[in-house]
1. Report the extension gain between residue 21 and residue 78 in nm, rounded to one decimal, defined as 0.36 nm multiplied by the number of residues separating them, less their alpha carbon distance.
2. Assuming a viscosity of 1.567 mPa s and a temperature of 4 °C, what translational diffusion coefficient in µm² per second does Stokes-Einstein assign to the range 26-97, Rh being the Kirkwood radius over Cα pairs?
3. Using a 1.4 Å probe and counting only protein heavy atoms, arrange 124, 4 so the residue with the most accessible area comes first.
4. Could you report the range 1-114's accessible area per residue, 1.4 Å probe, as an integer in Å²?
5. Taking amide H positions as placed in the peptide plane 1.01 Å from N, state which residues far from residue 126 in sequence (5 or more) or on other chains have amide H under 5 Å from it.
6. Full extension from residue 120 to residue 58: what is 0.36 nm times the residue separation minus their Cα-Cα distance, to one decimal in nm?
7. Can you give the accessible area of residue 35 in Å² (nearest 10), computed on protein heavy atoms with a 1.4 Å probe?
Amino acid sequence: QHFIVPNVAPVFCAFGMMHADLRHDYTRAYSATTDEADTGRINALFADTEHSGRETPVREGVSPDDIRVARAMDLCYYGQVREQLASVPDGPVTRASLAATVAHFHHMHQRVVGYSGPGFPTVIVRVHLTVGLLLRPAGAGDEEQVRVGPDGLFAARRRAHAGDLGAD
């Protein structure tokens, strides 16, 4: 058997905080069935949110060229209260991109809830925008950087034995 033991704890620690992606999430309410959705209104919501959302990372010292934007929508089946987040393709929201978002919703609903109903009407509940900077994790593609010990020397690599782990 093989075990992977991380060199650092990436979550809930100072290292994780310092190397996590910098991001801000924005949500705007918008309620309509996807059949009757006003793509012009959705595009206006995304544009307005993106315009104000890009200002925050710049104030935090992020270069405008390094900012990344991701769009998504919370959708549910008509009559349901359980939403699933579905990504929105880049570019203006059109009937075709909205159909791709709905297809992603069906996929996510199947994966998370265990079923999907492509023939059922769908409803947009909210639009989401994530604005941020994707940081390169320390050591990503740089094995030596990850293997530096607290004394500044490279950590050694060795086999570990954990005894008999078989079940009785």
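The values are calculated or read from the model by the stated rules, or taken from the named source; none is laboratory data. Predicted model, so just to flag it, every value in this text is computed and none were measured. Accessible surface areas use protein heavy atoms only, side chains included; no ligands, DNA or RNA. Shrake-Rupley method; radii C 1.70, N 1.55, O 1.52, S 1.80 Å.
1. My answer for the length gained is 17.1 nm.
2. Values: Rh = 13.8 Å.
The estimated diffusion coefficient comes to 94 µm²/s.
3. Values: 124 0, 4 160 Å².
The most accessible residue leads, giving 4, 124.
4. Details: 7460 Å² over 114 residues.
For the range 1-114, the per-residue accessible area is 65 Å².
5. 30, 74
6. Here the answer is 18.1 nm.
7. It works out to around 130 Å².
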